[in-house]
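Take a look at the structure below.
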Amino acid sequence: MSADSVLKILALFGVCLLMGIGGYTFFYAHGAAYMTNDPKACMNCHVMANHFNAWTKSSHHAVAVCNDCHTPKGVVNKYFTKALNGWNHSVAFTTGNFHEPIQITKRNGAITEQSCRKCHTDVVHQIDVTTENEPFSCVRCHSTVGHLE
């Protein structure tokens, strides 16, 4: 058997191994749940329990689920964000390398800000104040909205 054939077999073995581990992890972590809009999917990670429980008591509970605020509009953008966050969360929670309490990233904060502005366009338009060419963030004054924490 040539060295080239051995390398191809090893590469195929490596790909199959990664796919097997990835598939098992996806199954074990209930990965299919993340493809839905069910807020309970966010509870798969214990660090989200307080956020979920607070959301159930908030006024947004009746009008919005997690994806309405935390994913951008459009199918491609939504599922790209969900996949990116899923990857980042799986790495962080597997390694234990995350801030507790969990904190929103700059990218996800911008997505959430746009969601606030989209749903509350009339109010935001009337009170929007800019500093240094940047509008104030909604959560500057409304830090507990959505989660009551």
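Some notes on this structure:
- Answer residue from the range 87-143, given it is β-branched (Val, Ile, Thr) and in contact (Cβ under 8 Å) with a residue 40 or more places away in the chain and is surrounded by the fewest Cβ atoms within 10 Å (Cβ to Cβ) among those: ILE102
- Any chance GLU100 is touching a helix residue (DSSP H, G or I) at 6+ places or on another chain (Cβ under 8 Å), in a loop (DSSP other than H, G, I, E, B) and of a type in the set (Asp, Glu): yes
- Single match in SER90, SER143, SER115 (criterion: hydroxyl-bearing (Ser, Thr, Tyr), over 21 Å from ALA29 (Cβ atoms) and within 15 Å of the chain's Cα centre (by Cα)): SER115
- Number of positions in the range 1-14 that are surrounded by 10 or more Cβ atoms within 10 Å (Cβ to Cβ) and either of a type in the set (Gly, Ala, Ser) or under 19 Å from ALA83 (Cβ atoms) (or both): 2
- For ALA41, the criteria (1) out of contact with any Pro (no Cβ under 8 Å at 6 or more places or on another chain); (2) modelled with pLDDT under 90; (3) surrounded by fewer than 17 Cβ atoms within 10 Å (Cβ to Cβ) hold in every case but one, which is (3).
- Checking LYS118 against (1) modelled with pLDDT of 90 or more; (2) under 23 Å from ALA33 (Cα atoms), the condition it does not meet: (2)
- Residue within the range 59-66 that is surrounded by fewer than 16 Cβ atoms within 10 Å (Cβ to Cβ) and touching a Lys or Arg at 6+ places or on another chain (Cβ under 8 Å) present: no
- Selection count where residues are of a type in the set (D, E, K, R), assigned to a helix (DSSP H, G or I) and either surrounded by 17 or more Cβ atoms within 10 Å (Cβ to Cβ) or touching a residue at least 12 places away in the same chain (Cβ under 8 Å) (or both), scope the range 67-83: 2
- Residues within the range 64-85 that are within 15 Å of ARG107 (Cβ to Cβ) and among the hydrophobic types (A, V, I, L, M, F, W, C), tallied: 4
The values are calculated or read from the model by the stated rules, or taken from the named source; none is laboratory data. Quick caveat: nothing in here was measured; it's all calculated off a predicted structure. Glycine also receives a Cβ, built like all others from the backbone with ideal geometry; neighbour counts cover every protein chain displayed.
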